[in-house]
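*Asks:* Here it is: the structure, laid out below.
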């Protein structure tokens, strides 16, 4: 699960997807969670339409779930200290978080995620 807070973080997410060798279809299940915040609810249709126009692949759009919630509550629930970086979480189907890494996905972080899978 990739978590981002700013549009400018999308290239970091894309690089992480590539580094983890994830694909639009097949392979391990993964999603992107742009955290728009509770205030964005007022502009939800604008935000959703912007996402749709920016994510042209139907497969990628299906993997994108925009979070309209208080960012502070969302972050607190996951133990995320801020919004300055992307986060990658390894979560099982029952919601247990096995790993949470901050920042760009590096080889060391890939190994951290692999280790958390076992």
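*Asks:* Kindly list the number of the only condition in (1) closer than 24 Å to residue 109 by Cβ; (2) surrounded by fewer than 12 Cβ atoms within 10 Å (Cβ to Cβ); (3) at pLDDT below 85 that fails for residue 60.
*Replies:* Here residue 60 meets the rest and fails (2).
*Asks:* Might you check whether a residue that is surrounded by 10 or more Cβ atoms within 10 Å (Cβ to Cβ), in a loop (DSSP other than H, G, I, E, B), over 16 Å from the mean Cα position of the chain (by Cα) and modelled with pLDDT under 90 occurs anywhere in region 48-57?
*Replies:* Looking through region 48-57, at least one residue is surrounded by 10 or more Cβ atoms within 10 Å (Cβ to Cβ), in a loop (DSSP other than H, G, I, E, B), over 16 Å from the mean Cα position of the chain (by Cα) and modelled with pLDDT under 90.
*Asks:* Shifting gears a bit: Report, by residue number, each residue of region 6-36 that is surrounded by fewer than 16 Cβ atoms within 10 Å (Cβ to Cβ) and either at pLDDT below 85 or assigned to a loop (DSSP other than H, G, I, E, B) (or both).
*Replies:* Listed by number, the residues that qualify are 6, 21, 22, 23, 24, 25, 26, 27, 28, 29, 31.
*Asks:* Considering only region 90-112, state which residues are more than 12 Å from residue 16 (Cα to Cα) and touching a residue at least 60 places away in the same chain (Cβ under 8 Å).
*Replies:* Passing the criteria: 90, 91.
*Asks:* Just the residues that are surrounded by fewer than 12 Cβ atoms within 10 Å (Cβ to Cβ) and more than 21 Å from residue 6 (Cα to Cα), please, taken from region 84-118.
*Replies:* The answer is 92, 93, 94, 95, 96, 107, 108, 111, 115, 117, 118.
*Asks:* Every residue in region 89-118 that is on the phi < 0 side of the Ramachandran plot, out of contact with any helix residue (DSSP H, G or I) (no Cβ under 7 Å at 6 or more places or on another chain) and part of a loop (DSSP other than H, G, I, E, B), please.
*Replies:* 92, 93, 94, 96, 106, 118
The values are calculated or read from the model by the stated rules, or taken from the named source; none is laboratory data. These figures come from a predicted structure and were not determined experimentally. Counting neighbours? That spans all protein chains shown, and the Cβs are built from the backbone with ideal geometry, glycine included.
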